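Chemist: Handing you a structure now.
Quick note: the coordinates plus some simple rules give every number you see, no bench work behind them. Given the structure is predicted, the values throughout are model-derived calculations rather than measurements. Every residue, glycine as well, gets a Cβ built from its backbone with ideal geometry; the counts of neighbours run over all protein chains shown.
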Amino acid sequence: MGWKAAEKLIRHWKILRGDNVVIIRGKDTGDTGVIKRVIRSQNRVIVEGKNLVKKHIKGGMHHEGGIFTVEAPLHASNVQVLDPVTGKPCKVGIKYLEDGTKVRVSRGIGASGAIIPRPEILKIRTTPRPTVAGPKDTPMGLVLDKTYDPKTGKGMPDL
């Protein structure tokens, strides 16, 4: 399970962390699970509890060694997102609603065309936003101060 760079990286990812997917290739074909991690540099995803392999880990000062069962990454092309209406694997398309919001929709043969919701886990921030202003933060009084007027051109620097 060494690191290997992908020859051609996927530019526009349609599979997100927290999506319900079905495995379409490999030893766990037909099993469904939730995406635990997306490794974009290798075009791979880790599905929770699937594609389990044995890993030999040498003991160290702070941890014990042994043989552990871990989830190995799968190539992104070997999983498909589940259609929220039919529960069958489908392709993912992008659509814009009337109000301009970008959504993912199910498409392909037998797909319902329903909106695939964004996973709730993505709304949780890993690092919380700071609530107290730090020493390098700009004070709110200066942020809200209007320094340029487009009608009169006041505040424009002399070039």
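Chemist: Can you check what the net charge comes to around V85, using other residues whose Cβ is under 14 Å from the Cβ of V85 (Lys, Arg +1; Asp, Glu -1)? Can you show the working numbers first?
Modeler: On the way: positive: K88, R104, R107; negative: D83.
Summing Lys/Arg as +1 and Asp/Glu as -1 gives +2.
Chemist: Would you order M61, M156 from fewest to most other beta-carbon atoms within 10 Å of each residue's own beta-carbon? Numbers along the way, then the final one.
Modeler: Values: M61 4, M156 11.
Ascending Cβ contact count within 10 Å gives the list M61, M156.
Chemist: By counting other Cβ atoms within 10 Å of each Cβ, how are H12, H56, H75 ranked from fewest to most? Display every interim value, and only then the final one.
Modeler: Values: H12 5, H56 8, H75 13.
Starting with the residue having the fewest Cβ neighbours, the order is H12, H56, H75.
Chemist: Please report, to one decimal in angstroms, the Kirkwood hydrodynamic radius of the chain built from all distinct Cα-Cα pairs. Spell out each step's value before the answer.
Modeler: Numbers: mean 1/r = 0.0497 Å⁻¹.
This gives a value of 20.1 Å.
Chemist: Follow-up question, since we're still on this one. If you keep only loop residues by DSSP, which trypsin sites (Lys or Arg not before Pro) in the stretch 62-159 have at most 11 other Cβ atoms within 10 Å of their Cβ? If you can, show how the numbers build up before the last one.
Modeler: Details: sites: K91, K95, K102, R104, R107, K123, R125, K136, K146, K151, K154; in loops: R125, K136, K146, K151.
Those that pass, being in a loop and sparsely packed, are R125, K136, K146, K151.
Chemist: Which of V92, V143, V47, V70 comes first, and how do the rest follow, when ranked by fewest Cβ neighbours within 10 Å?
Modeler: Numbers: V92 19, V143 8, V47 26, V70 12.
Neighbour counts put them in this order, fewest first: V143, V70, V92, V47.
Chemist: Can you find, among G87, L122, V53, the residue sitting farthest towards the positive end of the charge dipole of the stretch 20-123, where Lys and Arg contribute +1 and Asp and Glu -1 at Cβ?
Modeler: Farthest towards the positive end: V53.
Chemist: Return the calculated 222 nm mean residue ellipticity for the chain, to the nearest 500 deg cm²/dmol, obtained by summing -39500 (n - 2.57) across DSSP H runs with n ≥ 4 and dividing by the residue count.
Modeler: Details: 1 runs with 5 residues, N = 159.
When only DSSP H runs of four or more count, the value is -500 deg cm²/dmol.
Chemist: Please go through the stretch 50-159 and write out the chymotrypsin sites (Phe, Trp or Tyr not before Pro) that DSSP classes as loop and that have at most 10 other C-beta atoms within 10 Å.
Modeler: Values: sites: F68, Y96, Y148; in loops: Y148.
The qualifying sites are Y148.
Chemist: Something else about it: Which GluC sites (Glu not before Pro) in the stretch 26-108 pass both tests, a DSSP loop state and at most 12 other beta-carbon atoms within 10 Å? All intermediate terms of the calculation are to be shown ahead of the outcome.
Modeler: On the way: sites: E48, E64, E71, E98; in loops: E48, E64, E98.
Those that pass, being in a loop and sparsely packed, are E48, E64, E98.
Chemist: What does the net charge come to around T131 if you take all other residues with beta carbon closer than 13 Å to its beta carbon, with K and R at +1 and D and E at -1? Intermediate values should be presented prior to the final figure.
Modeler: Numbers: positive: R125, R129; negative: D137.
That works out to +1.
Chemist: Among the lysines, select those whose C-alpha is under 23 Å from the C-alpha of K36, and discard any that sit fewer than 8 residues away in the same chain.
Modeler: Here the lysines satisfying the reach criterion relative to K36 are K4, K8, K14, K27, K50, K54, K55, K88, K91, K123.
Chemist: Count charges around K102 for me, please; just the other residues with Cβ under 14 Å from its Cβ, Lys/Arg as +1, Asp/Glu as -1.
Modeler: Numbers: positive: K14, K95, R104, R118; negative: E98, D99.
Here the count lands on +2.
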